[in-house]
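Notes follow once the structure below has been shown.
Read-outs throughout are calculated quantities, based only on the coordinates presented, and are distinct from any laboratory measurement. None of the values given here were measured: they were computed from a predicted structure. Note: ideal-geometry Cβ built from the backbone for every residue, glycine included; neighbour counts use all protein chains shown.
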Amino acid sequence: MNNKFPSFNRQPLVLYLITSFTFLLILLRLIFLQLINNETYKKMSDENRIRLIATQPIRGRIIDKNGFILADNRITYSLIIKPQYVDELAWQKYKSKISKLLNISLDSLQKKYANGLENKNFAITLLDDLKVDQIIKFKENESNLNGLEISSKIIRNYPYKDVASHVIGYTQPITDSEFNILSKKGYKLNDLIGRTGIEFVFEDHVRGEWGGEMIEVNSLGTFVKSLGVKPSTQGKDLELTIDLNLQLVAEKVLKDKIGGAIIVMDPRDGAIRAMASKPTFDLNFFSKDFKPQKEYDELFNSSNKPLFNRALNAYDPGSVWKIVTAIAGLESGRFPPETLLETKPCITYGSQCFREHNDLGFGTIGYEDALRVSSNTFFYQIGYGVGVDEIYSVSKKLGFASLSGIEISEQENIGLVANSKWAKEGRGWGDPGKTPWVPEDIASMSIGQFVVQVTPIQIARAYAAIANGGYLVTPHLSKKVGQPYSNHKPIKIDIDPNNIQLVKNGLRKVVESGTGVSINYGVSNLPPVSGKTGTAEDGEGGSDHAWFVCFTPSDKSELLIVAFAQNTPGGGSVHALPMAKEILKVWNNNK
C-alpha cells in the first residue's frame, strides 16, 4: 500500500499542469484574436452587423448639339418569383392565376420558371417591363401570391431606337471575369458598362458612382439604426456634334438601300453632324433582361451584319478617288496644271484593255474637264505616268491608309492603299517577292479599284481638305470643351494650294455641267455645290457600289456630305447623289 501513496499525491500536480496548459492555450488564442487578427475579425463582425443598401447611379444623358436627347434612363418594373419560398404545388396555382391576371401565356411562364430553376436563380424574372395596369392588378392580389413581387431598376433608354445606333453604342452588364477587375473601380456585379460607340468611349464620363445607406442590424438581422447615407452620383451629360434633324434625314435616305452609309461633316473643323449606317439596329434590345433568340440571331449571326458600321469600313471608292490621282499628277511635276491628254475608248496596260466608261472617250481634255466627265482614260495616263508610290504618298497626306482620329475608332478599318513595298512583301496574302507589281495594278489604282479600299470617313477627310483649302481635319463627335478628340486643330498639309484649287474648280464643274448636275434639279435657293460621283466595282465580287461626295457653299464651305450605297448598281449619280440632295435640302431649309 505504501507504494501507492506517492502516485496519489502527484494527481493535483498533473491536474494543475493540465489546467495551466489549457488556460495558456486560451490566452494565446485570445491574443491571436484580439491583437494579431483584430482587424480581420473586426471586419468580419462588421460585415455581419452592418448592411449596405446600394443605390444605383443614373447614367448621364447623351444629347445632340441642339439639346435633343439621344440616350437617357427610365425605370422598368418586372415581376419576379423567389422559388425558395414556393413549392411545386403553389407554383402550379400561381402560374394559372398570373396567366389570367396579367394576360401572359402559361407556356411563357413555365419556360422562364424552369430556366430559372435550372440556373439555380434565387430570383426569377417572369415578366419584364410591366405596364401600369399590370402593376395595379398584381398589387391588388399581392397578398395571395407569396414569393412573388415587383422589382424595379433603372435601365438605359434610347428614345429614337435605331437612330445613330452605331455612333451612340450600347451598354451591357459586366461579366464575372470583368467584375474581378472592375470591382476595384466601383462596379457592382451585373452593373452596366458601355460596350461600343460613345457609350464605350466616354464610359467614365457618363456612368456616375454608386451610393447607398449603411445600416446596423442585430444578430437576428433586424434593423437597429442607420449609420449614414451616401447619395449616388449621377453621371455627367455628354453633348455631341450630331444634329438630330440631319441625322434623321440621313437614316431616312438609307431606308431603301441594301446597305450603305452617310456622313455629314463640317469641313472646317471635322465636327460630325450626322453618321448613319445601314443596316441598323434598335439600341433598346440591349436593355432587355430577356433577349429572344430570334432577335439575338438577327443581330449577331445575320449575314447582313447590322452591328457593322459601314461609315468606318473600307470599300472600293471608284471615281471619288480620282482627286488623289489628280493631285499626284500635279504634285509630281510630270503633269502640270495646263496638261491636256487625249482620252480614248480604252487603253491597254499589261494584258488588258482598260475602257472609258462611255466606250468612246471625251477627246483631248485637261484636269477640270476630266473630273467633270469623270474620264477613266485621262486618269489611267496620269496614274501610270507618276507611278504607284507617288499616288500612295499623296494619299497619306490626305489621310488615307490611317485611322481618322474619330472617337469610336474601335469600329474603324484602316483600309488599303497599294504601294510597291506592299507588293514586294506579298500583298498581305502571298510570299515576299512572289507577288510583284504589274501594269494592270496601276490602271486599277488610278481610278480607285481593287488595290485601293477606303472608308467613307477617310473620303470625308480628303474632300474636306479640298473644301477648306488644304487642311486635314480630325472627325469628332463630342462637342463639350475639354473632352478628348474635340480640340484637334486642322493640320496644314504639304500640298501646293494652287493644285488644291485646280481640283476644287473641277469639282465645281462636276455639279455645274458634269456627272453631278442633277443635284440642281427641282431645288431652289441652294448655295453653290461642288462634288464628285463615283461607281465602283466591288472587289469582293458583289454588285457595284454607288458614291457621291459634295460640299457647300463651294467657297467657304460649311457642310460636306459623303453618300455611299453598298452593292447598289446603277451609278453614283443615280443612287448616291439623291441621298445627298435630300440632306442638302433639309440643311438649307434649317438655315
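Less than 14 Å Cβ to Cβ from H166, Lys/Arg counted +1 and Asp/Glu -1: what total charge do the surrounding residues give?
Numbers: positive: K161, R195, K278, K305, R310; negative: D162, E199, E251, D282, E407, E410, E412.
The answer is -2.
If you count the DSSP beta bridges with both ends in the chain, what percent of them are antiparallel, to the nearest 5? Of all bridge pairs located within the chain, approximately 95 percent are antiparallel.
Based on C-alpha pairs under 8 angstrom that are at least 6 apart in sequence, segment 108-225 has a relative contact order of 15 percent.
Peptide packing for 526-532, 491-497, 158-164, 375-381 was compared via the average number of neighbouring C-beta atoms within 10 Å per residue; ordered from the highest value, the list is 375-381, 526-532, 158-164, 491-497. Quick check: the distance between the Cα centres of segment 328-382 and segment 234-306, to the nearest angstrom? What the calculation gives is 39 Å, centre to centre. Here the peptides 229-236, 312-319 are ranked by packing, the mean other Cβ count within 10 Å, and the order with the highest first is 312-319, 229-236.
Cysteines in the chain lacking any other cysteine Cβ under 4.7 Å from their own Cβ: C550. Loop-located trypsin sites (Lys or Arg not before Pro) in segment 265-319 (DSSP state not H, G, I, E or B) with no more than 12 neighbouring Cβ atoms inside 10 Å do not occur. The magnitude of the dipole of the chain, with charges of +1 and -1 set on the Cβ of Lys/Arg and Asp/Glu and taken from the Cα centre, is near 2100 debye. Using the alpha-carbon centroid of each, what span in Å lies between segment 103-143 and segment 540-572? Cα centres, segment 103-143 to segment 540-572: 50 Å. Residue ranges 196-203, 178-185, 437-444, 63-70 sort as 196-203, 437-444, 63-70, 178-185 when ordered by packing (mean number of other C-beta atoms within 10 Å per residue, highest first).
Contact order for the chain, expressed relative to its length and based on alpha carbon pairs under 8 Å spaced 6+ residues apart, stands at 14 percent. When you restrict to C-alpha pairs under 8 Å that are six or more residues apart and normalise by the size of segment 83-146, the relative contact order lands at 38 percent. Cβ-Cβ distance of Q172 and S108, R₀ of 22 Å, FRET efficiency by 1/(1 + (r/R0)^6): the value works out to about 0.40. In the chain, a dipole from Cβ-located charges (positive for Lys and Arg, negative for Asp and Glu) runs towards its positive end, and of F281, Y187, I63 it is Y187 whose Cα lies farthest in that direction. Taking every full run of DSSP H in the chain, the ones that stretch at least 20 Å from end to end by Cα along their long axis and average 1.6 or higher on the Kyte-Doolittle scale are 11-31.
Is there a quick way to get the dipole size of segment 83-146? I mean about its Cα centre, with the Cβ of Lys and Arg at +1 and of Asp and Glu at -1; what is the value in debye to the nearest 20? Don't skip to the answer; put the middle values down first.
Working: 10 positive and 9 negative charges, 24 e Å.
Roughly 120 debye, rounded to the nearest 20.
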